[in-house]
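Here, each number is a calculation from the coordinates, and none is a lab measurement. What you see is a predicted model, and the numbers here were worked out from it, not measured in a lab. In this analysis, Cβ positions are derived from the backbone assuming ideal geometry, glycine residues included, and neighbour counts consider all displayed protein chains.
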Amino acid sequence: MKDKNFIEEKVKEILGEGELFLVEVKVSKNNNIQVFIDGDDGVKIQDCIDLSRQLEECLDRESEDFELSVLSFGLEEPLKMQRQYVKNIGRSLQVEDEQGSFTGTLISANEESFTIELKKKGKKNIENENQKTYNYKEIKSAKVVISFK
């Protein structure tokens, strides 16, 4: 089985400090390797193709056969790293914690926490706004709410 840590390091090395970044690497028992990337300005198909070609050059098919897929991080997936929160500031986010599920606009994110602005309907259907700050470790998941307005 291919070494997940080796693959992660190679991907980080190839991507460098640019706008693309590694989100996750999955390696199955039968060497099906999935590399998920994201970008500050999104990910193009060509980005996945280029990374796949460069990464394949670093892996040795002679020693062990494998299947390699380089994928863009899906919109429907929960956010996994702080950089994804930063890139989604201004978008609607659904956050699930021990107390339930909350939706609001992501207004800030730093290394320890992020803040959303909640909108709740109060008395006489007047919208009240308040903010809620979450530590990344406190939540179960956070997903971008897709809107087609």
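If we count every other residue with Cβ under 15 angstrom of PHE114's Cβ, Lys/Arg +1 and Asp/Glu -1, where does the sum land?
+2
Cα-Cα pairs above 23 Å in the chain: how many percent?
46
Lys and Arg at +1, Asp and Glu at -1: add these up for the other residues within a Cβ distance under 14 Å of ASN31 and post the number.
Residues close to ASN31 contribute a combined charge of -2.
Compute the helix-to-body angle for 4-15: its Cα long axis versus the longest principal axis of the chain, expressed 0 to 90° and rounded to tens.
Long axis of 4-15 versus the principal axis of the chain: about 80 degrees.
Set the Förster distance to 25 Å, then compute FRET efficiency between SER69 and GLU17 from the Cβ-Cβ distance, nearest 0.05.
Efficiency, from the Cβ-Cβ distance: 0.55.
Using unit Cβ charges (K, R positive; D, E negative) and no other charged atoms, how large, in debye to the nearest 20, is the dipole of the chain about its Cα centre?
1160
For the chain, which longest stretch is free of loop sites, where a loop site is one of the GluC sites (Glu not before Pro) that DSSP puts outside H, G, I, E and B and that has at most 14 other Cβ atoms within 10 Å?
20-61
In a shell of Cβ-Cβ distance under 10 Å around LYS140, excluding LYS140 itself, what net charge do Lys and Arg (+1) and Asp and Glu (-1) give?
Its environment carries a net charge of -4.
Can you sort LEU71, LEU51 from fewest to most other Cβ atoms within 10 Å of each residue's own Cβ?
Placing the least packed residue first, the sequence is LEU71, LEU51.
By how many degrees, 0 to 90 and rounded to 10, does the Cα axis of helix 45-58 deviate from the longest principal axis of the chain?
Value to nearest ten degrees: 40.
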